Structures are given as C-alpha cells and as structure tokens.
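Comments concern the structure below.
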Amino acid sequence: MSHSSPTPGPQAAVAESPLGRLYEVGGRQLMLHRTGAGGPAVVFLPGAGQVGLDYLNIHDRAAELTTSVLYDRAGTGWSQGAQLPRTAAEVTGELRDLLRAAGVPAPYLLVGHSLGGAYARHFAQRFPDETAGLLLMDPFHEDLHDRAPRQAREKLAQLHAQEVPELTQEQLQQARQQAAPLFAKWPVAVRRPLIEHHVTAAWKAGLYEDRNLYDEVSGELRHASDLPDVPLIVVTALGHDAAQAHLWPEGVLREINNAKTTLHTQLASSVPRGEHRVLENAGHGWLHEERQDAVFQAIADLLNACAITLCSSACCPRPRPRLGR
C-alpha cells in the first residue's frame, strides 16, 4: 500500500533552532548540531516523530568520546520542509551531503533509532566505505509487518487510512503538560521550544513518515546490497511505552516483541561482528533516555571496535577506554 500525502514540514520558513546551525543542501536549509572532537563521528538518526534534539543528552555523553552529530531530516524538526513521506535513497543521500557540507569527515558511526535504524542500514548499504559502525536502537525491520499478528496489521491499515487530525487548543495544552516531565532533563533554552515543536509539528511529520515504512522503504532495504563488514550492535527494547499499550492488547504486544526479537537476532548475525542486546525494561520511543547508560555503553563498545579495526587510520587515532557495564 503506497501513501503520498504531502506535508510542507513543520514550517515554510525555517525557524531558528535552539542549538546547531543551518546548512544548504539540495536547495533546502537543514539543521545540524555538532560537538566533541575526533573520529569516527557518531551520527544520530531520529525515529519517526522525533527530532535530533530529542537525543541531546546521549549526544552530549557521546561527545565526551568523539565528535557527535545531531540533525533533522528535511520535513522534520528545524530543517526546511519537504513532501513526506520520502524514499530511503532521498534521506540517506541528503544525510551524506549534509555531513559533507558541515565538514564532518567519514567514516561515521551511525546510531539509528526505529525508522532512523532503517535509514542507517540503507546508508551503510549505499555507502559502505563511509560507515565505520552501526548502532541500531529497536530498528524498524522490513519483515516485521508480515510477521506481526493479523490484529496488528489491520489496526495499522486503519491508522494509515485516516487523515492526520488537527488538535484543539485544549488538546495542545494537555499535550504540553504531558510532555513537560519527559523533557525535564533538557536545558531550559532547549526544553521549551522542543516541547512546543513536539505538540504542534513533530507528531504530524512522524505519522507521514511512518506510513512509508511498509512499502517503499521496506522495498529499498530488501533490494539493497548486504550490510558491510563493520561492527554492529542491534538493541531490542521489550518494554511497552504508553502509545504501544494504548494501541495493542498485551497478547498482541507479546507477539510483536517475539517477531521483532527474532528479526533483530537475524539482523545482528548478518555480519561477522554483529551483536544483539536485549533491554527488558525499556520502551520503544525513549529507550535512549530510559536506558541511557546501556546506549552509551554500546556507543563506547563500537568506538572501541573501530579503534581496534582501524587503529592505524586517521579516523580512529587511539583506542577508547572500555567502560564498566
């Protein structure tokens, strides 16, 4: 099933991001925020309905080890609008051009979450020489839809057929109140505009992006080259966040988790240096906050693997200290 509902993105004219700066890429202004030094650079690819600054806290920790990069895809966050959904080829080509425009040298350790995990895989498939490693956080898998229980597939079809609603002022205010505790650890200068963006724009872009997972993006992943032989960690979150619990009964969630775990295990074993890690008590949407230490450990482990593999190259000049688990 293909969807082509257009959306102009969060704003026609690009608003000023609380952090980072804009770069001209393909005729659009795209937001990128970079801190830290050294290589390979860690690049965070957000999930659908999320933006680069959602990963600010784990980004700041990664920047203690190496260069760390947050960005917003076109049509999301503080980047200029684009028609959504988009192909994986468009998104990964755009990311490559943005990193070059910002002067962030390859290769990269790509940290992809959910939909961002699919894009990270596609980037590695297209540009293997520019990929140092992969951390896939509860990534979307192209076969999950077919393996999910019938009840889940039918519910998704209903959701995708619906028009994206407009929230009332009362609903917007309620959403702001619900989001405030989630972003309590962000700096005030970032927290306020980030909450406002989430309740007014990010969730809409997420719905449009999500509709593209089950046809175009899945097809692109299936027909792309194999993943390169780079260090890979696939993290599976088995907890349920509020959105999932609202959509699916407990039995359906269990079946989805079983199918997801099997696919993630297979994905991790598809490369020689792949590893699968399971987080029992982390939900899908915010595992990078709920289990920040586990995510940071995975980043550090992958940087160590890169240093061992490329210790004589300029991108990994020295081994990283291994952290305690």
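In nm, give the distance between the simple-model label positions of residue 222 and residue 184, each being 7 Å from the Cα along the Cα-to-Cβ direction.
Inter-label distance under the simple model: 4.5 nm.
What ranking do 66, 131, 265 get, fewest neighbouring Cβ atoms within 10 angstrom at the top?
Lowest to highest Cβ neighbour count: 265, 66, 131.
More than 22 angstrom separation, counting every C-alpha pair in the stretch 21-309; what % is that?
56 percent
Fewest Cβ neighbours within 10 Å first, please rank 99, 302, 70, 144 accordingly.
Fewest-to-most Cβ neighbours within 10 Å comes out as 144, 99, 302, 70.
Two decimals is fine: what is log10 I(q)/I(0) at q = 0.13, 0.17, 0.18, 0.19 Å⁻¹ for the stretch 36-81, from a Debye sum with one equal scatterer on every Cα and no solvent?
-0.29, -0.47, -0.51, -0.56
Every read-out reported here was derived from the displayed coordinates using simple, explicitly stated rules and does not represent laboratory data. Model, not experiment: these values are computed from the prediction. Glycine gets a Cβ as well: all are built from the backbone with ideal geometry, and neighbour counts include every protein chain shown.
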